[in-house]
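Shown next, in structure tokens, is the structure this report addresses.
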Amino acid sequence: MDLTALTALELGQAIRRGEVSPTEAVRQAMERIRREQSDNHTYITVTEELALEQAKRLEQHLPDRPLAGVPAGLKDNLCTAHLPTTCASRMLAEFVSPYDATVVERFAASGGILLGKHNMDEFAMGSTGETSWFGTVKNPWDKTRTAGGSSAGSAASVASGTCWYALASDTGGSIRQPAAHCGVTGMKPTYGTVSRYGLIAHASSLDQIGPIARTAEDCAAVLDVLRGQDPKDGTTVPVTGPSLLEQLTGTLDGVRIGLPVELLDKVEEGVRRGVLETAEVLKARGAVVEKCTLPLVQETVAAYYILSSAQASSNLARYDGVKYGWRDQTATNANQLYARSRSQGFGAEVRRRILMGTFVLSAGHYDAWYRRALETQEQVKQVWNELLQRYDLLLTPVTPGAAPKLGHYGDNPLAMYLDDVFTVGVNLTGLPAIAFPCAPDAEGHPLGVQLIGRAMEDGVVLNGAHCVQQETAYHLRRPEKGEVK
Ligand code: GLN
């Protein structure tokens, strides 16, 4: 039986019933990883021995949890004791964290088996999976295209069946955008519901950890494991009420959904069709879908890049060649050591963000850039929250089109930043959002749509996607040979 064809929950169920063993699941995943890794870099570290040991241990004692025994991967910015955590950077290529991230502890306690650490854009900066020190991640549907980013390895791995789900991070779309490009489902939870302790920071007020999996149901099950207040992260909030899995009622009766129509002028025809078709499915399941207007769309991108770069420049100041990571050996004084270690250890995109962030925070430019971006963020929060008083959910595109060709953005980072227009608003506002597959484009490349909800209403968001997935089969398409014409 091909276990990689199962969803995470299906595999969990088969394991609990004793129909398959965790060892068999690990074995099949490893076979695929070996095949896949020969021409793609979805994993930075593969932990075969450890995974087999964990599988054996779980065969002795299986926790009574839906995902016990199901193997998964972690984005390589989540700290793991005893294993490298590289952030796909030369700076941290040799770094081993002295502790596990809170989500890693929770993952282990739920009976998760770790297959390895997924490749990503360096320090989670980028939208293409091309900025990794360890090599580019390619899209498993079409190896001439990007897998999206920054959680490129995570999304590509779920799509190609080299894990059943992944834990990733989303600062401005890094879970949702690669999920859309790889034809899988990815959820960015409400800010504060999942602990960031042990997540290597990109922009602390925007970063949030979440799942990438095949279905909304799988995402709910993973988030049920991850969510909850953590004394080690002061920005976490208590999570109460029924589990997310229990909130997947399968009905949308009385749910009001806003569709910001002017966004559809900014996307390729396939995406437009996908959004409109998804709206029809949601209606068929009982929702009321209404056209609405989402103001300040362009401004969200500008505010996001100013605020995220500012926070990144501050967060990355700790990599100085002294305390952590890459150290230049030729320096003869402290200034040289800092300058050389940082310019050798960081790649071009990371250096660009540090320069941009330092600039907008500098005394002479703070008011013109950083303060104005903060003001814009407040305005965005206000208009989004007003809109979400009228609607329970918003339905939008995730990306302007299918995954771009590798090298598409060349040396035009601004063009890459502007393509984040549909994802960054969710991070500025802290709201929950899910990206999931809709009808593919004319050539078969996956496309995604996004549902955004109110803060703490992650269950409503997941249920919206779940209802669509009960009616359609786009989320079950696999990039096996011949799928993309
Ligand atoms: N593409 C965005 C950026 O480069 C998002 C990154 C992320 O969510 N980590 O900043």
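Read the figures in this text as sums done on the coordinates, not as results from a lab. Predicted model, so just to flag it, every value in this text is computed and none were measured. Backbone-built Cβ (ideal geometry, glycine too); neighbour counts: all protein chains shown.
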With only Lys, Arg, Asp and Glu charged, each at its Cβ (+1 for the first two, -1 for the last two), find how big the charge dipole of the chain is about the Cα centre; round to the nearest 20 debye.
680
Cross-link pairs beyond the 31 Å C-alpha cut-off, checked among LYS56/LYS405; LYS117/LYS232; LYS143/LYS283; LYS75/LYS323; LYS117/LYS266
LYS56/LYS405; LYS143/LYS283; LYS117/LYS266
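Using the 10 angstrom Cβ neighbour count as an exposure proxy, how do TRP369, TRP133 rank, fewest first? Mind dumping the intermediate values first?
Details: TRP369 21, TRP133 18.
Lowest to highest Cβ neighbour count: TRP133, TRP369.
Going by the alpha-carbon gyration tensor, a ≥ b ≥ c the square roots of its eigenvalues, is the stretch 131-252 rounded (a/c under 1.5) or, if a/c is not under 1.5, prolate (a/b greater than b/c) versus oblate? Write down the numbers at each step before the final one.
On the way: a/c = 2.50, a/b = 1.35, b/c = 1.85.
It comes out oblate by the Cα gyration axes.
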Net charge near LEU252: determine it from the other residues with C-beta under 12 Å of the C-beta of LEU252, scoring Lys and Arg +1 and Asp and Glu -1.
0
Where a ≥ b ≥ c are root eigenvalues of the Cα gyration tensor, a/c under 1.5 meaning rounded, otherwise prolate if a/b exceeds b/c and oblate otherwise, the stretch 220-319 counts as oblate
Taking the DSSP beta bridges in the chain as the whole, what percent of them are antiparallel, to the nearest 5?
70
Rough spin-label spacing in nm, given labels placed 7 Å along Cα→Cβ, for GLN329 and SER243:
5.2
If you take the square roots of the eigenvalues of the alpha-carbon gyration tensor of the stretch 350-413 and sort them as a ≥ b ≥ c, do you get rounded (a/c under 1.5), prolate (a/b over b/c) or oblate?
oblate
Evaluated at 20 °C with a viscosity of 1.002 mPa s, what Stokes-Einstein diffusion coefficient in µm²/s does the chain have when Rh comes from the Kirkwood expression over alpha-carbon pairs?
97
Which peptide among 335-344, 438-447 comes first, and what is the full order, when sorted by highest mean count of other Cβ atoms within 10 Å?
438-447, 335-344
Residue list for the stretch 106-127, given a label point 7 angstrom along the Cα-to-Cβ vector of SER21 and an amide N cut-off under 20 Å:
111-115
The answer for the chain, counting only DSSP H helices whose Cα atoms cover 24 angstrom or more along the axis and whose Kyte-Doolittle average is -0.5 or greater, is 297-315
So, counting K/R as plus one and D/E as minus one, what does the shell of residues with Cβ under 9 Å around LYS188 add up to?
0
In nanometres, what is the gap between the two model label sites at LYS56 and ALA348, each 7 Å from Cα along Cα-to-Cβ?
4.7
Grab the DSSP H runs of the chain that are 4 residues or longer, score each as -39,500 (n - 2.57), total them, divide by all residues and round the 222 nm result to the nearest 500 deg cm²/dmol.
-11500 deg cm²/dmol
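Count the DSSP beta bridges whose two residues both fall in the stretch 1-119, then state the antiparallel fraction as a percent rounded to the nearest 5. All intermediate terms of the calculation are to be shown ahead of the outcome.
Values: 4 of 10 bridges.
DSSP beta bridges in the stretch 1-119 are roughly 40 percent antiparallel.
What is the sum of charges around SER341, taking Lys and Arg as +1, Asp and Glu as -1, for the other residues whose C-beta is under 15 Å from the C-beta of SER341?
On the way: positive: ARG90, ARG318, LYS323, ARG327, ARG340, ARG342, ARG351; negative: GLU94, ASP320, ASP328.
Around SER341, the charge tally is +4.
Given charges of +1 on the Cβ of Lys and Arg and -1 on the Cβ of Asp and Glu, with all other atoms neutral, how large is the dipole of the stretch 361-485 about its Cα centre, in debye to the nearest 20?
Working: 10 positive and 15 negative charges, 29 e Å.
So the dipole magnitude of the stretch 361-485 works out to roughly 140 debye.
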